Amino acid sequence: MGFDLKLLGSQKYVSDKLKNFSPEQLEKLKEAFVKNDHPRFRKEIAANHHMPYGTTTAFAEGVKNANNRENSEAR
């Protein structure tokens, strides 16, 4: 996907990178998150905020429906 691993901790870097992704690239990224399901990822998906780690189904649905942070800030 072209991310620099040293800069993944930078919210601005990741945000700028995601804004430049095509819809196809975003779908590939979403598929990668669902395929590589991890408790750390689950905690960040809005559908799972009221449960310690949520469910696989809720995680997959949350990733599928995810937009960039500007559009989904109302968590």
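The values are calculated or read from the model by the stated rules, or taken from the named source; none is laboratory data. Small disclaimer: the values here were computed from a predicted structure and weren't measured. Note that we place each Cβ from the backbone using ideal geometry, even for glycine, and neighbour counts take in every protein chain shown.
Filtering the range 7-18 to residues that are basic (Lys, Arg) and either modelled with pLDDT under 90 or surrounded by 12 or more Cβ atoms within 10 Å (Cβ to Cβ) (or both) leaves only LYS17. Considering every residue within the range 37-56, establish whether at least one is at pLDDT 80 or above and assigned to a helix (DSSP H, G or I). Within the range 37-56 (the criterion being at pLDDT 80 or above and assigned to a helix (DSSP H, G or I)), the answer is no, since none of the residues qualifies. Restricting attention to the range 57-75, the residues being at pLDDT 70 or above and of a type in the set (Lys, Arg) number 1. Among residues of the range 15-41 that are of a type in the set (Ser, Thr, Tyr), those with a Cβ under 7 angstrom from a residue that is surrounded by 12 or more Cβ atoms within 10 Å (Cβ to Cβ), sequence gap 6+ or separate chain, pair up as SER15/ARG69. Within the range 2-11, can you find the residues that are under 15 Å from the mean Cα position of the chain (by Cα) and not hydrophobic (A, V, I, L, M, F, W, C)? Answer for the range 2-11, where residues must be under 15 Å from the mean Cα position of the chain (by Cα) and not hydrophobic (A, V, I, L, M, F, W, C): GLY9, SER10, GLN11.
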